[in-house]
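Some notes on the structure that comes next.
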Amino acid sequence: VRMVQELVGHDGVIWVMRFSADARLLASGGRDGVLRVWSVYWYSPARLNTVNAAAGTTPLPSAAGPLYSAPAGGPTAGTGPPSAGAGAAAAASGGPAAQPGPSASLRPPLLSESPLLTLTGHSGDILDVAWSQCRLLLTASADQTARLWYAEGGGECLRSFVHPDFVTSCCFHPSEPRRIVTGCADGKVRVWSVPDGSVVCTATVQQDLVTRVLFSYDGGRVVAGTLRGKARYYEYTGSGLDYVAQLDVKNQHGSGRKVTGLAQVPYMYGNDQMYIITSADSRIRLYTGYQQERKFKGHRHTNTQIAASLSPSCQHLICGSDDGWVYLWATGLPPPPPPPGAAGGGGSAGAAAADKASKGGRKEARGSKVKEGMYESFQTPEQTTTVAVIAPEVCRLGRGLERPTGGATERREASSAPLLGALVVVAGFSGRIFVYENLPLM
């Protein structure tokens, strides 16, 4: 793992970073209350050759077959954290731990050196950011407002949604961008109508604070996490929120700790939705339906606003930590089915095959509570890493480490090394943004 880019991002801690749906933009927000939008660079092979020539790099054969360009001097060796039973960064990349090194800047950058947009208006911390499919941005802030921005229109603030307390989380409806949901420290979940800024419906969590909220991928449910370690499920009817169930996100003999992250796996197990829930007891849990299926540990997380996220392939979880390291776990989940029209993914036969493969991949984990103590990690310059996300697959293109994605055979070959060439974006208390690339051992 090599640091390939470092940016001055914000004045103070960065709480959230999100890629847009088309992977062309990255939004970041934090304690300074400023929303920054960064351009995400993609490379064609011809463009990469131009960048390599300008940087004076030498092409070397990669384990994947195509050529990638690495600095002629090679990477600087490093060491991983001393942890019993845990893989160090070498396990993540087949090489040494993440180190800045003099050659870091010779790999092509992922992000623009300066923000494409710098959007001001919030007077408190930006705690959450969400993208719509049409490049609308939604921010949740400690200044008791959620704001809607238009990234294509120079960053114009279209509307402000006023709350009685901190707005801790926000999310767009997946198919109807005129509906949004927010979580608030007053214990309420609110669904809003964007055109007129009115509240469509609410749900109240008694004697608790809502810390995370999201719409399910099908738009039929709202899931909320709370300060006391609850996960509450609601059916969204279009005009109301009907309570369905509540989970205690905790160890068997412990007490619930703050839910700091919610993420949904982008496919279902039969009729059950699957969610990744991060909580401030140094645990990340995978739930299938209302049953805890797996538990991941190794990082340190007791108070800060840290949330785990899935890799694009769903085969790994990544999370920051109070100790400044970035941690990764294998989820045991199969990759999402290929999109319609992709080789091997079209038609009912392709869908049936994908469903059968995904169920087979989860058969052993289904119904068992497996504590995932094995992890991989690498160190960063941060004392605390608040955000760590793996860039979308398309960001790997043109960097010389492309993986086959055609038919079933090619996808199996790609899944054998799902993190090769992965780009990891990291931020923390310093306000800087770091980009790491998972390169093969030279």
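The values are calculated or read from the model by the stated rules, or taken from the named source; none is laboratory data. Everything numeric here is computed off the predicted structure, so don't read it as measured data. Glycine also receives a Cβ, built like all others from the backbone with ideal geometry; neighbour counts cover every protein chain displayed. With ligands, DNA and RNA removed, areas are computed over all heavy atoms of the protein, side chains included. Shrake-Rupley method; radii C 1.70, N 1.55, O 1.52, S 1.80 Å.
Write out, first by first residue and then by second, each pair whose Cβ atoms fall under 6 Å of each other, whose residues are 6+ apart or on separate chains, and whose first residue, in the stretch 19-31, is of a type in the set (Ser, Thr, Tyr) while the second is open to solvent by less than 10 Å² (accessible area, probe 1.4 Å). Pairs found: 28/9; 28/14; 28/17. Can you tell me which of 321, 309 is modelled with pLDDT of 95 or more, within 24 Å of residue 248 (Cα to Cα) and in contact with a Phe, Trp or Tyr (Cβ under 9 Å, 6 or more places away or on another chain)? Unique residue meeting the criteria: 321.
Taking the residues in the stretch 151-171 that are assigned to a loop (DSSP other than H, G, I, E, B) and open to solvent by 60 Å² or more (accessible area, probe 1.4 Å) as candidates, determine which candidate is nearest to residue 40 (Cα to Cα). Checking each candidate, the answer is 166. Considering the stretch 214-229, and only residues there that are open to solvent by less than 10 Å² (accessible area, probe 1.4 Å) and outside any loop (DSSP other than H, G, I, E, B), the residue that is nearest to residue 278 (Cα to Cα) turns out to be 225. Of note, residue 318 does not satisfy the criterion of being in a loop (DSSP other than H, G, I, E, B) and β-branched (Val, Ile, Thr). May I ask you to list the residues in the stretch 197-207 that are of a type outside the set (Val, Ile, Thr), in contact with a strand residue (DSSP E or B) (Cβ under 9 Å, 6 or more places away or on another chain) and surrounded by fewer than 18 Cβ atoms within 10 Å (Cβ to Cβ)? Result: 197, 198. Under the condition of being open to solvent by less than 40 Å² (accessible area, probe 1.4 Å), of a type in the set (Asp, Glu) and under 26 Å from residue 422 (Cβ atoms), the residues counted in the stretch 109-131 number 1.
Looking across 304, 260, 288, one residue alone is open to solvent by less than 10 Å² (accessible area, probe 1.4 Å), touching a residue at least 24 places away in the same chain (Cβ under 8 Å) and under 17 Å from residue 229 (Cβ atoms). It is 260.
Number of residues in the stretch 230-257 that are outside any loop (DSSP other than H, G, I, E, B), in contact with a Lys or Arg (Cβ under 8 Å, 6 or more places away or on another chain) and open to solvent by 70 Å² or more (accessible area, probe 1.4 Å) equals 3.
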